[in-house]
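Here the structure comes first, spelled out in structure tokens, and everything after it is commentary.
The values are calculated or read from the model by the stated rules, or taken from the named source; none is laboratory data. Just so we're clear, the structure is a prediction, and the values are computed from it rather than from any experiment. Note that we place each Cβ from the backbone using ideal geometry, even for glycine, and neighbour counts take in every protein chain shown.
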């Protein structure tokens, strides 16, 4: 029982990072119809830049804030590129562009940080023990940040004029342009916000799971799977999806050796299978377009 | 009708030329010539998928690897303990090469059925995940696949009617000739597909899915067929790749190869089967150049770091993707063709 609870606790914390990335996917897709493959790269960059600054003797908080700001600016730029040229760039083209962007970041990180995993010390080395279950302060931090971010974002999208404006663009680019909103400015804003969220998720996850230049692919897949729970548009379901995925993966790691001794290698397989089953179930309801 | 006949004759002539070239090239160039043909096989399928279904597979490398391991494992036998002591374990190599595309196509169908009904590029992420999972499985099940060390050694040569294929020397030339012969067949199948009833349906889907559906075309079914065809071609290429060296290791199939197949299609033009072949030749050549450049110690007076080959390989292809998709989304080769035509008309 203790082991089960322990796995769930770890799963909820790693799942929170997936949830942040998943929310970012949903935010961008809902507002611009673009599936942003570079989402994982934002998370990894957040982690790598924080590690780089911490290694330069910066205080962790300052390093984290600067890293997040840098990634946010990068995100805005990526948004500008991903939207492409009006009338020429299709959603498929946008996906391929962001795919290119993700691998440009991989190349740059490989050049700057090498091909070893990097990490930095968690917020506090001291852990709480509740009935034999170890709870790292880092777990609590990452989970609470995720909850706050998800709530804030939902409120902004549902209750504010900025939120209406962002969502309106995905319904009809032309109608949004008539009231003075361009797809490009919407993309810059939502890519920046998603980059911020993913960077936060990435840098909070780094002390638990070290990042490497190519970690973005796995994070992107997990984040996308989380967003897929909500059909790529629901922030709330992306949040739930992330947590479910995180817990499911930990359970595979913890109990999978009943089936195969190499269960640890199949974390991602668990994510994919869950995604396929849920999407298969969803696709019966959704119309073919 | 005459145009179709001319095109058929030209394609067959080019195919015959490509097969002939396999016996004329410098022996050192034969391996890269084989790689070009294998990449072309994969790219023809992916180009049809991207051009007509508007979907992208980031896991063609996984189907390639799956085809390679299927052919290899069927050839050496399913039981790892039997492999070393029993030379008769397994099925004949040519049969294994034929099973490889069938199995990959079945896997693709299983993944594609739920995903291709949806918008939003679920297929892209699922196929990429498939690639990561396959790599993990190749490493994890090393008792079965040989893992990285010792890898999987295929002692039996691929032989049809006394012709040995793969390895070095004339056998390597034979394999290159077979590969390019198959590329020609795939080209003809691809062109015919685009020009048949199915092709008209596919073009309708490419123009407007809603309109195609309204005209009674089963959009999801056509997309699924393209995806399965693309996976099957990748599986076939993989099956042949297994016999190129007679040795397999998971290192040969990093995630970046799936991306490189996308680069080939993007350069050749989405939906263009001829472009896919030319793109494969161009990108595999560039890959080889970059590899040589990256392993140099110095470039333009700068010392190159040890990770330079990786940085070049990933970075250059990523930049090609971005630039081409932004400015020439129909592909580099179609754009060049348009430019030539315009220049000729201007004269």
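Is it fair to say residue B:94 is surrounded by fewer than 23 Cβ atoms within 10 Å (Cβ to Cβ), farther than 21 Å from residue B:134 by Cβ and in contact with a strand residue (DSSP E or B) (Cβ under 6 Å, 6 or more places away or on another chain)? When the stated conditions are applied, residue B:94 passes them.
Taken over the range A:187-213, the criterion of being assigned to a helix (DSSP H, G or I) and surrounded by fewer than 24 Cβ atoms within 10 Å (Cβ to Cβ) is satisfied by A:188, A:189, A:192, A:193, A:196. Among the residues examined, residue B:268 qualifies as surrounded by 23 or more Cβ atoms within 10 Å (Cβ to Cβ), touching a helix residue (DSSP H, G or I) at 6+ places or on another chain (Cβ under 7 Å) and closer than 25 Å to residue B:315 by Cα. Suppose the filter is more than 10 Å from every other protein chain (Cβ to nearest Cβ), surrounded by fewer than 16 Cβ atoms within 10 Å (Cβ to Cβ) and not in a loop (DSSP other than H, G, I, E, B); does residue A:71 pass it? The answer is no for residue A:71.
Taking the listed residues B:273, B:263, the one that is within 13 Å of the chain's Cα centre (by Cα), without any contact (Cβ under 8 Å) to a residue 60 or more places away in the chain and crowded, with 24+ Cβ neighbours inside 10 Å is B:263, with no other qualifying.
Evaluated against (1) at the interface with chain B (Cβ under 9 Å from one of its Cβ atoms); (2) surrounded by fewer than 18 Cβ atoms within 10 Å (Cβ to Cβ); (3) within 24 Å of residue A:77 (Cβ to Cβ), residue A:277 falls short on exactly one condition, (3).
Name every residue in the range B:182-211 that is surrounded by fewer than 18 Cβ atoms within 10 Å (Cβ to Cβ) and under 15 Å from the mean Cα position of the chain (by Cα), in order of residue number. Within the range B:182-211, just B:185 meets the criteria. Exactly one residue among B:99, B:178, B:107 is at pLDDT 90 or above and in contact with a strand residue (DSSP E or B) (Cβ under 7 Å, 6 or more places away or on another chain), and that residue is B:178. When every residue of the range A:214-223 is checked against the conditions, at least one turns out to be surrounded by fewer than 23 Cβ atoms within 10 Å (Cβ to Cβ) and part of a helix (DSSP H, G or I).
Listed here are the residues, each with its yes/no results for (1) closer than 30 Å to residue A:215 by Cα; (2) away from every other protein chain (no Cβ under 14 Å); (3) not in a loop (DSSP other than H, G, I, E, B).
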| residue | (1), (2), (3) |
| --- | --- |
| B:91 | no, yes, no |
| B:96 | no, yes, yes |
| B:104 | yes, yes, yes |
| B:112 | yes, no, yes |
| B:124 | yes, no, yes |
| B:129 | yes, no, yes |
| B:138 | yes, no, yes |
| B:144 | yes, no, yes |
| B:147 | yes, no, no |
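Within the range A:105-135, the set of residues being outside any strand (DSSP E or B), touching a strand residue (DSSP E or B) at 6+ places or on another chain (Cβ under 8 Å) and touching a residue at least 24 places away in the same chain (Cβ under 8 Å) comprises A:117, A:119.
Applying the set (1) at pLDDT 85 or above; (2) in contact with a helix residue (DSSP H, G or I) (Cβ under 7 Å, 6 or more places away or on another chain); (3) surrounded by fewer than 19 Cβ atoms within 10 Å (Cβ to Cβ) to residue A:264 leaves exactly one unmet item: (1).
The single residue among A:101, A:148 that is closer than 26 Å to residue A:239 by Cα and either touching a residue at least 40 places away in the same chain (Cβ under 8 Å) or within 14 Å of chain B (Cβ to nearest Cβ) (or both) turns out to be A:101. Going by the structure shown, is residue A:254 modelled with pLDDT under 90, within 11 Å of chain B (Cβ to nearest Cβ) and in contact with a helix residue (DSSP H, G or I) (Cβ under 8 Å, 6 or more places away or on another chain)? Against the criterion (modelled with pLDDT under 90, within 11 Å of chain B (Cβ to nearest Cβ) and in contact with a helix residue (DSSP H, G or I) (Cβ under 8 Å, 6 or more places away or on another chain)), residue A:254 does not qualify.
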